[in-house]
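These notes are about the structure you will find just below.
The values are calculated or read from the model by the stated rules, or taken from the named source; none is laboratory data. Treat the numbers as computed from the prediction; the structure is a model and nothing was measured. Counting neighbours? That spans all protein chains shown, and the Cβs are built from the backbone with ideal geometry, glycine included. Surface accessibility is based on the protein's heavy atoms, side chains included, excluding ligands, DNA and RNA. Shrake-Rupley method; radii C 1.70, N 1.55, O 1.52, S 1.80 Å.
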Amino acid sequence: MCHTQELVLENNNIGDAGLTALAKAVESGALAQLTELDLGINRIGDAGLTALAEAIKPTADNASGALASLKELDLCGNDIGDDGIKALADACASGALAPGAEVYLFDNSATETGKQAMRDAAKARGLSVYF
């Protein structure tokens, strides 16, 4: 298990393929201690965020989710649209992030529909979301 608490990957062009690979590590529990994950400016789209959202959802084996310690998730400056935002909203609504966590989604491609889905999930779970 990794004991790193902050993982800053900002501006590395990891894209959907890179985030999908990272999602596998997250899902395995390897990054369970993370309190901050910065994925800003990485050309991440809906496919990458959907992979991460699926990886962090609570499961029968991990009822609190794979990133239950996360306090800050930065996804600013990517290419995320409604599908990715809705996938993240669904994961958050199921309890993927602890109450009080902050999610930054500035400068993405989501419309008001996706943003509202995320706002609703955030409100229901006590998260702060910023567009």
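Which of the residues spanning segment 47-66 are open to solvent by 10 Å² or more (accessible area, probe 1.4 Å) and part of a helix (DSSP H, G or I)?
Across segment 47-66, the qualifying residues are ALA47, THR50, ALA51, GLU54.
Only one residue in ALA89, ALA122 is in contact with a helix residue (DSSP H, G or I) (Cβ under 6 Å, 6 or more places away or on another chain), outside any loop (DSSP other than H, G, I, E, B), in contact (Cβ under 8 Å) with a residue 12 or more places away in the chain and farther than 24 Å from ASN12 by Cβ. Which one? Step through it out loud before you land on a result.
Numbers: ALA122 fails: in contact with a helix residue (DSSP H, G or I) (Cβ under 6 Å, 6 or more places away or on another chain).
Within the list ALA89, ALA122, the selection yields ALA89.
Of all residues in segment 21-45 being in a helix (DSSP H, G or I) and open to solvent by less than 50 Å² (accessible area, probe 1.4 Å), which is farthest from ASN108 (Cα to Cα)? Reasoning before the result, please.
Restricting attention to segment 21-45, the residues satisfying the condition of being in a helix (DSSP H, G or I) are 21-27.
Restricting the remaining residues to those that are open to solvent by less than 50 Å² (accessible area, probe 1.4 Å) gives 22-23, 25-26.
Values: LEU22: 20, ALA23: 20, ALA25: 24, VAL26: 23 Å.
It comes out as ALA25.
What is the one condition in (1) surrounded by fewer than 15 Cβ atoms within 10 Å (Cβ to Cβ); (2) without any contact (Cβ under 8 Å) to a residue 40 or more places away in the chain that GLU10 does not satisfy?
Just one mismatch for GLU10, condition (2).
Quick check on my filter: what residues within segment 95-115 are closer than 18 Å to THR50 by Cβ and open to solvent by 60 Å² or more (accessible area, probe 1.4 Å)?
Result: SER109, THR111, THR113.
Residues of segment 72-130 being among the charged types (D, E, K, R) and under 23 Å from GLU6 (Cβ atoms), which ones?
Of all residues in segment 72-130, those among the charged types (D, E, K, R) come to 72, 74, 79, 82-83, 86, 90, 102, 107, 112, 115, 119-120, 123, 125.
Scanning segment 72-130 gives GLU72, ASP74, GLU102, ASP107, ARG125.
Buried (at least 17 other Cβ atoms within 10 Å of the Cβ) and either out of contact with any His (no Cβ under 9 Å at 6 or more places or on another chain) or aliphatic (A, V, I, L, M) (or both), is that true of ASP74? Spell out how you get there, then give the answer.
Values: buried (at least 17 other Cβ atoms within 10 Å of the Cβ): yes; either out of contact with any His (no Cβ under 9 Å at 6 or more places or on another chain) or aliphatic (A, V, I, L, M) (or both): yes.
In short, yes.
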